[in-house]
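Below is one structure, written out as structure tokens; comments come after it.
Just so you know, all these numbers are worked out from the coordinates, no wet-lab data involved. As the structure is a prediction and not an experimental result, all values here were calculated from the model. Cβ sites come from the backbone with ideal geometry, for glycine too, and all protein chains shown count toward neighbours.
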Amino acid sequence: EVVEVAKTPSIKFEAQDEAGNPINPIDRSLSQDQKADALADLSKENKPILDQYAADIDKELGTTSKTNEKTKDSIISKANRPSLKERQAEHDVEHIRDSFRLKTVVDNIGQMGGVLKKAAAAGFEILKIDDKKLFTPSAWGWRIFPVDMRMPNGQIVEHYMPIREIEDVKKEAHKLYEKWRDKDVSNLSQDDLKSYREDLKKSNELYQGAWN
């Protein structure tokens, strides 16, 4: 599928790969390093748009929002993450949906609906609403309400909404997750596997305590 960019109708880009997965409008023949640079250029265009959007949300809803860009190393690392490659063999930089992210910390679930209305009013294309991640936490216990949006220049960005109590324990829990996220758990030694399970248990306890 090929769609036109709303901002500049003369430019077209691929909206999805051969399997129908949404992708970013970057040249897929480039190296991963060059692809990450191309995503950074798109993020630079979108930053003032999303910064203003975040300010508008907070003013109207009383939430706390901020934008964030993944580093080149983080983008390339995620493009090569074993767990993602296992689910989608063709996964590469163009598939990264959170090279630019907007976080909105909410005080309650009801505010999430208000945020979605603001996104629609702003003219962003909603690609995916993954509410399952809020009510069915990850293996590490993290609960989040992520929304994938396509910007006028074609970049896919993530707008994710944690509940404030979850956000308060995330820093401690995320350090545990970061220790293991790029490792192949199936190839861990017995000692490492024991440490992995201990960290997994601790992370779940932190997040579940915040959710309760």
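Structure notes:
- Sorted from longest to shortest, the spans of the Cα atoms of the stretch 93-163 along the three principal axes equal 33, 29, 16 Å.
- Integer Hz, Karplus 6.51/-1.76/1.60 couplings in order for the stretch 39-54, x for Gly and Pro: 5, 4, 5, 5, 4, 4, 5, 7, 4, x, 5, 6, 5, 5, 4, 4
- Residue-averaged [θ]222 nm for the chain, counting only DSSP H segments that reach four residues, each worth -39500 (n - 2.57): -15000 deg cm²/dmol
- If R0 is 30 Å, the Cβ-Cβ spacing of residue 88 and residue 56 corresponds to a FRET efficiency of close to 0.30.
- Contour minus Cα-Cα distance for residue 21 and residue 181 (0.36 nm per residue): 55.3 nm
- Inter-label distance, residue 68 to residue 194: 3.3 nm, where each label sits 7 Å from its Cα along the C-beta direction.
- Phi-based couplings in Hz for the stretch 175-180 (Karplus 6.51, -1.76, 1.60; Gly and Pro marked x): 4, 5, 5, 4, 5, 10
- Full extension of the segment from residue 81 to residue 29, taken as 0.36 nm per residue of separation minus the current Cα-Cα distance, would add 16.7 nm.
- Amide hydrogen proximity for residue 64: with H placed 1.01 Å from N in the peptide plane, the residues at 5 or more positions away or on another chain lying under 5 Å are 105.
- The amide H of residue 125, built 1.01 Å from its N in the peptide plane, has 150 as neighbours under 5 Å, considering only residues 5 or more places off or on other chains.
- A simple rule links phi to the HN-Hα coupling: the Karplus curve 6.51 cos²θ - 1.76 cosθ + 1.60 with θ = phi - 60°, which for the stretch 101-110 gives 10, 10, 9, 10, 7, 10, 8, 7, 5, x Hz, with x for Gly and Pro.
- Listed pairs 128/179; 171/202; 133/175; 175/201; 78/128 exceeding 25 Å between Cα atoms: 128/179
- About its Cα centre, the chain has a charge dipole of approximately 480 debye under the convention of +1 per Lys or Arg Cβ and -1 per Asp or Glu Cβ, with nothing else charged.
- Relative contact order, percent, the chain [alpha-carbon distance under 8 Å, six or more residues apart]: 19 percent
- In the stretch 34-108, the GluC sites (Glu not before Pro) that fall in loop regions by DSSP, at most 13 other Cβ within 10 Å: 90
- In plain terms, if you count all Cα to Cα distances in the stretch 55-189 and split them into 5 Å steps from zero, the share in each step is 2, 9, 16, 22, 22, 15, 10, 3, 1, 0, 0 percent.
- Ordered from longest to shortest, the equivalent ellipsoid semi-axes for the stretch 40-117 are 29, 16, 9 Å, each the square root of 5 times a Cα gyration tensor eigenvalue.
- Candidates 91, 159, 174: whichever shows maximal mean-square fluctuation once the chain is modelled as a Gaussian network with Cα springs under 10 Å: 174
- Anisotropy class of the stretch 143-205 from Cα gyration tensor, a/c 1.5 cut: oblate
- Modelled this way, with points 7 Å down the Cα-to-C-beta line, the labels at residue 40 and residue 121 are 3.6 nm from one another.
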